[in-house]
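The values are calculated or read from the model by the stated rules, or taken from the named source; none is laboratory data. Quick caveat: nothing in here was measured; it's all calculated off a predicted structure. As a convention, Cβ positions derive from the backbone with ideal geometry for all residues, glycine included, and neighbour counts pool all protein chains shown. Keep in mind that these areas ignore ligands, DNA and RNA; they rest on the heavy atoms of the full protein, side chains included. Shrake-Rupley method; radii C 1.70, N 1.55, O 1.52, S 1.80 Å.
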Amino acid sequence: MDHALAAAHWLTAGAALVSAAACVAAWRAVPWQGRQSALASAAAMLALAAGEVPAGIGLLLGAALLVSAMLGTAGVRGTTAAATCCHRAVGSLVMAVCVFQGASGGTASAPTAHAGHGLTGVLAVLGAVGVVGIVVWTVVTQWFMEPVHRGRVGRLLALESWAMAAGMAMMHAAA
């Protein structure tokens, strides 16, 4: 089972990389706030999938993700990119919650991000609510709302959104 768990966490990191790459490829359609948030989440997922991180480094990683989430929405109010930047910021926030939960167990890693506390702790509940929120947000915006971008950029942003939702769902399910 350990091999399947490790593979799931590398798949999660792969989904985060696909999401970040699609976000960067859509360059002008995504403000710098959104790009940095996607890149920070991908870097965090890679770090967690690579192995255990000491609790102190995990806390710094979680703090960086919190700052990334706050910066992810700075100055985008009223723009066409506001909703997608907020979506990415929520992704960074959920990642921060997962890293903090894993670090509270002594080490932060993808396999221990949720496993240390089950679904009994406040952080675990916040993480689960965040993951469900990201998945529902993706479904609603992709299936029920008129797209803001069309063509290549629209497809890239849809790929980015679905990859982030799938990665978050896998991250939560693998725990």
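Quick notes
- Scanning segment 84-98 for residues that are among the small types (Gly, Ala, Ser) and farther than 15 Å from SER19 by Cα gives a single hit, ALA96.
- Cβ pairs under 6 Å, 6+ apart, first in segment 26-50 and touching a residue at least 24 places away in the same chain (Cβ under 8 Å) and closer than 14 Å to ALA16 by Cα, second assigned to a helix (DSSP H, G or I) and charged (D, E, K, R): GLY34/ARG88; SER37/ARG88; ALA38/ARG88
This table checks each residue for (1) at pLDDT below 90; (2) assigned to a helix (DSSP H, G or I); (3) open to solvent by less than 60 Å² (accessible area, probe 1.4 Å); (4) of a type in the set (Ser, Thr, Tyr).
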{"site": "HIS3", "(1), (2), (3), (4)": "yes, yes, no, no"}
{"site": "HIS9", "(1), (2), (3), (4)": "yes, yes, yes, no"}
{"site": "VAL18", "(1), (2), (3), (4)": "no, yes, no, no"}
{"site": "ARG28", "(1), (2), (3), (4)": "yes, yes, no, no"}
{"site": "SER37", "(1), (2), (3), (4)": "no, yes, yes, yes"}
{"site": "ALA40", "(1), (2), (3), (4)": "no, yes, yes, no"}
{"site": "LEU48", "(1), (2), (3), (4)": "yes, yes, yes, no"}
{"site": "LEU60", "(1), (2), (3), (4)": "no, yes, no, no"}
{"site": "ALA63", "(1), (2), (3), (4)": "no, yes, yes, no"}
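- Taking segment 127-146 as the range and being within 14 Å of GLU160 (Cβ to Cβ) and β-branched (Val, Ile, Thr) as the test, the residues that pass are ILE134, THR138, THR141.
- Wholly within segment 72-175, helices (runs of 4 or more DSSP H) carrying at least 3 residues that are under 16 Å from SER37 (Cα atoms), of a type in the set (A, V, I, L, M, F, W, C) and modelled with pLDDT under 90: 82-103
- Residues that are surrounded by fewer than 14 Cβ atoms within 10 Å (Cβ to Cβ), within 15 Å of MET95 (Cα to Cα) and without any contact (Cβ under 8 Å) to a residue 60 or more places away in the chain within segment 133-175 are absent altogether.
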